[in-house]
Amino acid sequence: MRISIKTARAFSLVEVVVAIGVLAVGVTLVLALTAPLSRSVALSGDSETALRVVSRSLAHLRAQPFQDVRALAKTEAEYRAQLGAEHAGTYDPLLDARVWFASADGGELFQAESGVQDKYFEVQLVRNEALSPPELDEHAAVIAFTIRVRWPTQVSAGGIAVRPGVSSDGYCDHTQKETLFVAACVAR
């Protein structure tokens with residue numbers, strides 16, 4: 001009769017080191033993906049709020065007299081000049097009378113001169129002159145325009161107004177802002 005004795009097997013030191021290395025790489029990759037994922041979720045929430053701001057803005061515009069809406073919409077030439085000022089860093093939306101703002105939750109619309117510090121969303125109308133030329137305004141049934149919503153403009157941090165992208169010398173960098181364009185119209 002033959003008795004077989006099995007010797008106990010264990011992991012070698014090399015196998016343990018390789019397993020720990022693979023685990024460390026996996027944990028590092030998961031942690032590295034967490035920041036972009038949370039940023040993506042935050043941007044998605046802001047985009048949904050921006051759409052609510054568009055809806056609220058349209059309701060506000062439809063309640064205004066036709067001439068007031070016409071006066072709020074910038075012409076394409078005015079908008080191109082504004083884009084040039086934005087690229088030069090000299091355009092400040094808080095000084096533009098034809099821009100209005102919404103809070104970070106999208107619940108309130110207000111002008112720049114209001115005392116509210118949370119001016120998170122910046123809302124602006126740019127006229128679509130191909131669909132509704134300004135020279136036909138007297139008898140036009142609608143004004144077609146594009147609503148531009150851009151964020152963040154100004155946030156309140158501990159009671160202090162903070163403006164992302166604005167340096168101490170007044171240079172306004174708008175390149176890091178998110179922007180949403182929505183085509184719309186207001187009927188007479």
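When the stretch 120-132 is examined, which residues are found to be within 15 Å of V166 (Cβ to Cβ) and either touching a helix residue (DSSP H, G or I) at 6+ places or on another chain (Cβ under 7 Å) or surrounded by fewer than 17 Cβ atoms within 10 Å (Cβ to Cβ) (or both)?
Here is the first cut: in the stretch 120-132, the ones within 15 Å of V166 (Cβ to Cβ) are 120, 122.
If the condition is that a residue be within 15 Å of V166 (Cβ to Cβ) and either touching a helix residue (DSSP H, G or I) at 6+ places or on another chain (Cβ under 7 Å) or surrounded by fewer than 17 Cβ atoms within 10 Å (Cβ to Cβ) (or both), then E122 is the only one that fits.
The selection criterion, being of a type outside the set (D, E), in contact (Cβ under 8 Å) with a residue 24 or more places away in the chain and under 19 Å from H60 (Cβ atoms), does not hold for P134.
Residues in the stretch 67-113 that are surrounded by 17 or more Cβ atoms within 10 Å (Cβ to Cβ) and over 25 Å from S167 (Cβ atoms): V69, R70, L72, A73, K74, G106, L109. What are the residues in the stretch 133-154 that are over 17 Å from D96 (Cβ atoms) and surrounded by fewer than 20 Cβ atoms within 10 Å (Cβ to Cβ), if any? Scanning the stretch 133-154 gives P133, P134, E135, L136, D137, E138, H139, A140, A141, V142, A144. Considering (1) under 20 Å from G84 (Cα atoms); (2) touching a Pro at 6+ places or on another chain (Cβ under 9 Å); (3) outside any strand (DSSP E or B); (4) not small (G, A, S), the lone condition that K119 does not fulfil carries the number (1).
Please verify whether S114 is in a helix (DSSP H, G or I), without any contact (Cβ under 8 Å) to a residue 24 or more places away in the chain and polar (S, T, N, Q), treating the condition exactly as stated.
On the way: in a helix (DSSP H, G or I): no; without any contact (Cβ under 8 Å) to a residue 24 or more places away in the chain: yes; polar (S, T, N, Q): yes.
When the stated conditions are applied, S114 does not pass them.
Applying a threshold of 7 Å to beta carbon distances and a minimum spacing of six or more residues, or different chains, the list of pairs starting in the stretch 92-103 at a residue that is closer than 16 Å to H60 by Cβ and ending at one that is hydrophobic (A, V, I, L, M, F, W, C) and at pLDDT 90 or above reads R98/L72; V99/V123; W100/V123; F101/F121; F101/V123; A102/V53; A102/F121; A102/V123.
The values are calculated or read from the model by the stated rules, or taken from the named source; none is laboratory data. Computed from a predicted structure; not experimentally measured. Heads up, the Cβs are rebuilt from the backbone with ideal geometry, glycines too, and the neighbour counts pull from every protein chain shown.
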